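S.K.: Attaching a single structure in structure tokens format; questions to follow.
The values are calculated or read from the model by the stated rules, or taken from the named source; none is laboratory data. On a predicted model such as this, the values are computed, not experimentally measured, just so you know. Every residue, glycine among them, receives a Cβ derived from its backbone with ideal geometry; neighbour counts consider all protein chains shown. Calculation scope for accessible area: heavy atoms of the full protein, side chains included, ligands and nucleic acids excluded. Shrake-Rupley method; radii C 1.70, N 1.55, O 1.52, S 1.80 Å.
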Amino acid sequence: MTDSVEESFAEVRLAAGGLFVRGEEVLLVHTTYDGGWEIPGGYVESGESPAAACRREIREELGIDRHPQRLLVHDWAPSTDDGDKILYIFDCGALGDEKAIELQTSELDRWQWVRVDTLDDFVIPRLARRLWHAFRARLEGHPLYLEHGRTVLAHPGTDVALPSWLDRQADRDRHLG
């Protein structure tokens, strides 16, 4: 039993990232601090909204000023190592002039367009699931609530035609749960 009610409250870290899409590809950045691939983004600072953090991180990491256009994914991702996190992915539209990218070299060493159906070759499984769902939410036009990168709430059907490669049984089962 806790001494006070406040001790039982969750302490959650928030992070926000921006999804840039070009056809069937998403933009990934390669980090220098752990050698992995991510989408542009990072942790939300105290008093900052997730959308504002996404904009700030894109400006810092890519050197472009981009307002998030809409929320795609809200993912609750608890971890015994890192603690509870809520991760947001925002649709940031088309990238535009790629020559305008100026990478934050203290954190990133390159960027690349990656087909959504090859994400497993670049990112860890839980991020692959999250990005698949973000891509899907962008196509379907509504945000998704996730837990551990998996849908837990039913969402309305849609008449949007999904790409045939997104509906491959093995990929769908592995990523979209």
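S.K.: What does the accessible area of His74 come to, in Å² to the nearest 10, when a probe of 1.4 Å is used?
M.R.: 50
S.K.: Can you give the relative contact order of region 15-152 as a percent, counting alpha carbon pairs under 8 Å and 6+ residues apart?
M.R.: 30
S.K.: Could you work out how much longer the chain between Asp81 and Glu7 gets when fully extended? Use 0.36 nm per residue separation minus the Cα distance between them, nm to one decimal.
M.R.: On the way: separation 74, 0.36 × 74 = 26.64 nm, distance 1.91 nm.
Taking 0.36 nm per residue and subtracting the Cα distance, the gain is 24.7 nm.
S.K.: For region 8-22, list residues with backbone N below 17 Å from a point placed 7 Å from the Cα of Ser46 toward its Cβ?
M.R.: So the set is 11-15.
S.K.: Which residues' amide hydrogens lie under 5 Å from the amide hydrogen of Glu147, considering only partners 5 or more residues apart or on another chain, with H built in the peptide plane?
M.R.: Answer set, sorted by chain and number: Trp76, Val152.
S.K.: Take the alpha-carbon positions of region 1-47, form their convex hull, and give its projected area averaged over all directions (one quarter of the hull surface) in nm².
M.R.: Values: hull surface 24.9 nm².
Projected area, direction-averaged: 6.2 nm².
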